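Right, one structure below, let's go through it.
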Amino acid sequence: MKKITYYIASALVTLGAFASCDIDDVKNYTEKSIENFPVNENDATAILAGIYESLNEQFSYTQQSWLLYADLASDDQYGGGGVNDKLFQSHDLLSNYNADATAEFWRIRYQGINRANTLIAALPNLTSLSEDLKTRYMGEALIMRAYYHYELASMYGNVPLMTIPTGDLVVPGDVSVLWGQILQDLYTAATTMKAQRLTNGHVDKYVAEGLLGRVWLYYTGFYGNGTTIADLTSTTYKPLTEVTLPDGTVLTKKMVTDLIDDCVNNSGYSLVSDFRNLWAYTNKFTVEDYDYTKGKGLKWVENDNAVNPETMFAIKFNKLADWSTTIGYANGMALFEGVRGGQDYAATFPFGQGWGAGPVAPNLVDDWNSSEPNDPRLEASIQDVRKLPNYTYGGWADFVQETNYIGKKKAPVSAKNDGSQGVDFSVEKVPYFCCFENLMYGTSGWPQNANNMQLNNIHDLVLMRFAEVLLMQSELKEDVTGINRVRARAGLQPIAAYSLTALQNERRHELAFEGLRWNDIRRWHIAAAALDRQLNQPVYYAGKPEKNTAHNGGYSARFKATAGFAKMPEGQVSIGSVPQNEGYSDATAEYTGW
């Protein structure tokens, strides 16, 4: 049975204590009063469980999440889905579909922030906790508060900064203070937490250091020219070299670099020896039935709950996903970015099926073949479905922006079972196909069917890998050391000299489909041109060849109007919590269909 990390199990118990918030009103995100809660270690642990649980709760509304938005808005993936999945397509086209399109994501993220604020405010007065435990809990709460603010600010721009549990209406202030606080939280955690790598699913000092690097590079690059839409969409890349934090500390590039060096040198995280072993398609029940991996000695690093030495920050899932409680304990990104379904699983094997969001853009394949034609990570990351032995176009015949390419990293993965594994799904045809998790973790304990395509994808969703930290180290130091360690793992020749172009290519290839490309092209100020490379690429609409065409004015026009920010939830605008973002003032921003 798949191991259930204790904070997830605890969250099931504590959810009732955190469920009393109005979904439209930021001023009602107060939950339990710190006057009488928490009072002991059990209470503090329960709040910490609730903070982490917000990571999972977003997958009750995967289509609204920053993680899906960041994939689809980038130049490497299209919106996809079916003709009725207009929200997917609107993410890709930087437009809006329907009222309050992402209101649930907003609610969930501020709910998580308020839980973090509750713990942060209470910890200094909890005399029953040891100082070591207080420091660890404080660091974890600061990291998670920073991460949730980071997602909100990346998606919407200048959002309310919330640092205390409050029932009052909070409005945005200076955006530099918002980002300064995100950096402050991560810097404080990185410099106060114990130098200890955690392997129980919790964030640690080194996660704080890695996220500090990620946030620093995004904020100092994207906002390097100023804060107006014209500044943010300028093609001038001139990153800031220091940022004044709310407590007066002047955070410099050198200070951030030193902490990234500490993570690289002292964290204990390391690269997995073979890039392919990072991804679930090399699991022991699938690897020898997939032509691409058969006979190559590959072994998924997470087989049977093994600890992945490269994963620094991940969302954990388990068997407890249930429509009657929450579907967030299943990996919603795998479901949403699975091959669009309704066909025989033999046709898409070894990949399971889902809603078809995020088909890979052909321009990425072309660019990759041009810049690094011998890179094995291309085929390790992208499946050309035409190379699958049994693939034929079929199933739901309404696929929008189909490209013949799917991303492998997040995809649901199926396995063949001829009955020898002792698992009986009461089906007549053998071999039959199931989620590989059904074989690895057994069929008992699932609230729904033992083979449920929507709920049984429970492999980790990795939010940060050590490889990203190595590439951040190269970018910050402007040297090739980190780049070449990543290239060596891929079996590629080292590069002789650092260049921004080489770094950009390396990040695009190593970190493809991991939710990072969107903020990368924004912070490097190359987004408009990169997005327009998606135009006129070959796609299919309901099985018929077409071209990827401009909508709502086109990719670059929408980016220049919005800087890539999503529409603010209308409920928040109506109560005066936030002004509406630029680029959403009239019907030209509303996507009506392909």
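The values are calculated or read from the model by the stated rules, or taken from the named source; none is laboratory data. Bear in mind the structure is a predicted one, so any value in this text is a computation, not a measurement. When we count neighbours, we look across all protein chains shown, and the Cβ atoms used for this are built from the backbone with ideal geometry, even at glycine. What goes into the accessible areas is simple: the full protein's heavy atoms, side chains included, and nothing from ligands, DNA or RNA. Shrake-Rupley method; radii C 1.70, N 1.55, O 1.52, S 1.80 Å.
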- Estimated dipole of the chain in Debye, rounded to 20 [Cβ of Lys and Arg +1, of Asp and Glu -1, Cα centre]: 900
- Message: Greater than 32 Å separation of Cα atoms is the criterion. Which listed pairs, K86/K316; K134/K254; K319/K416, meet it?
- Response: none
- Give the long-range amide H neighbours of L463: residues separated by 5 or more places, or on another chain, with amide H under 5 Å away, using H modelled in the peptide plane at 1.01 Å from N. F313, A314, I315
- Task: For the chain, state the semi-axes of the equivalent ellipsoid (square roots of 5 times the eigenvalues of the alpha-carbon gyration tensor), sorted largest first and rounded to whole angstrom.
- Result: 34, 29, 26
- If Lys and Arg each add +1 and Asp and Glu each add -1, what is the summed charge of the other residues whose beta carbon sits under 14 Å from the beta carbon of P373? -4
- Query: Which of the listed residues, Y156, V469, M138, is farthest toward the dipole's positive end in the chain, when Lys, Arg count +1 and Asp, Glu count -1 at the beta-carbon?
  - Reply: V469
- Task: Calculate the tail of P(r) for segment 437-594: the fraction of all Cα-Cα distances greater than 23 Å, expressed in %.
- Result: 63
- Query: In µm²/s, what is D for segment 147-225 at 37 °C and 0.692 mPa s, where D = kT/(6 pi eta Rh) by Stokes-Einstein and Rh is the Kirkwood radius from Cα pairs?
  - Reply: 240
- Give me the net charge of Y223's neighbourhood, meaning all other residues with Cβ under 14 Å from the Cβ of Y223; Lys, Arg count +1, Asp, Glu -1. 0
- Item | Furthest towards positive pole of dipole, S270, T233, G221, structure part segment 216-277, Cβ charges | T233
- Considering the alpha-carbon set of segment 299-370 alone, what are its Rg and its Dmax in angstrom? 15.8, 49
- Item | Solvent-accessible heavy-atom area per residue, rounded to whole Å², over segment 178-283 at 1.4 Å | 35
- Message: Just to confirm the filter: which trypsin sites (Lys or Arg not before Pro) across segment 307-409 are DSSP coil and have at most 10 other Cβ within 10 angstrom of their Cβ?
- Response: none
- Karplus 3J(HN,Hα) series, Hz, for segment 182-196 with 6.51 cos²θ - 1.76 cosθ + 1.60 (x for Gly, Pro): 4, 5, 4, 4, 6, 5, 4, 5, 5, 9, 10, 6, 5, 6, 9
- Item | From phi via Karplus (6.51, -1.76, 1.60), per-residue ³J(HN,Hα) for segment 202-219 in Hz, x at Gly/Pro | 8, 6, 9, 3, 6, 5, 4, 5, x, 5, 4, x, 4, 5, 4, 4, 5, 5
- Query: What distance in nm separates the simple spin-label points at V171 and K254, each placed 7 Å from Cα in the Cβ direction?
  - Reply: 4.1
- Kirkwood-based Rg to Rh ratio, segment 508-551, C-alpha trace: 1.08
- What is the sum of charges around E475, taking Lys and Arg as +1, Asp and Glu as -1, for the other residues whose C-beta is under 11 Å from the C-beta of E475? 0
- Message: Could you give each residue of segment 300-309 its phi-based ³J(HN,Hα) in whole Hz, using Karplus coefficients 6.51, -1.76, 1.60 with θ = phi - 60°, and x for Gly or Pro?
- Response: 4, 5, 9, 3, 6, 6, 4, 7, 7, x
- Which residues' amide hydrogens lie under 5 Å from the amide hydrogen of V539, considering only partners 5 or more residues apart or on another chain, with H built in the peptide plane? E546, K547, N548
- Cα centroid separation - segment 340-419 against segment 176-230, whole Å: 34
